[in-house]
Amino acid sequence: MQPHVQKWGNSLGIRIPLSLAPKIGLRESTPVDLQVDEDAIIKMLAQVKPENIHGEIDTGPQVGREIW
């Protein structure tokens, strides 16, 4: 897999396919630790473990044209 960096507002982001996220322990709002060494990312998700991932947060009913 080779995702592409995309512009989101004033930032850049990498989309992680939803089918892959649970396999690597990622959920929405999962904190990540990024460290850069000589222009390369060397570490991600350093402190994230299954035992410290919080549960889903209920944000209320759908509003507008949201699809779940």
Exercise. Restricting the first residue to the stretch 45-67 and requiring it to be over 24 Å from residue 34 (Cα atoms), which pairs with a second residue that is modelled with pLDDT of 70 or more and among the small types (Gly, Ala, Ser) meet a Cβ separation below 8 Å and a spacing of at least six or different chains?
Worked result: 57/29
Problem set entry | Residues located in the stretch 53-68, provided they are at pLDDT below 75, of a type outside the set (A, V, I, L, M) and under 15 Å from the mean Cα position of the chain (by Cα) | 54
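Any idea which residue in the stretch 7-38 is modelled with the lowest pLDDT, counting only those that are assigned to a loop (DSSP other than H, G, I, E, B) and of a type in the set (Gly, Ala, Ser)? Can you show your working first?
Here is the first cut: in the stretch 7-38, the residues assigned to a loop (DSSP other than H, G, I, E, B) are 9-10, 15-20, 25-34, 38.
Cutting the leftovers down to of a type in the set (Gly, Ala, Ser) gives us 9, 19, 25, 29.
Working: 9: 92, 19: 86, 25: 80, 29: 84.
Restricting to residues being assigned to a loop (DSSP other than H, G, I, E, B) and of a type in the set (Gly, Ala, Ser), the top hit is 25.
The values are calculated or read from the model by the stated rules, or taken from the named source; none is laboratory data. Here the structure is a predicted model, which means the values were calculated and not measured. Virtual Cβ from ideal backbone geometry, glycine too; neighbours counted across all protein chains shown.
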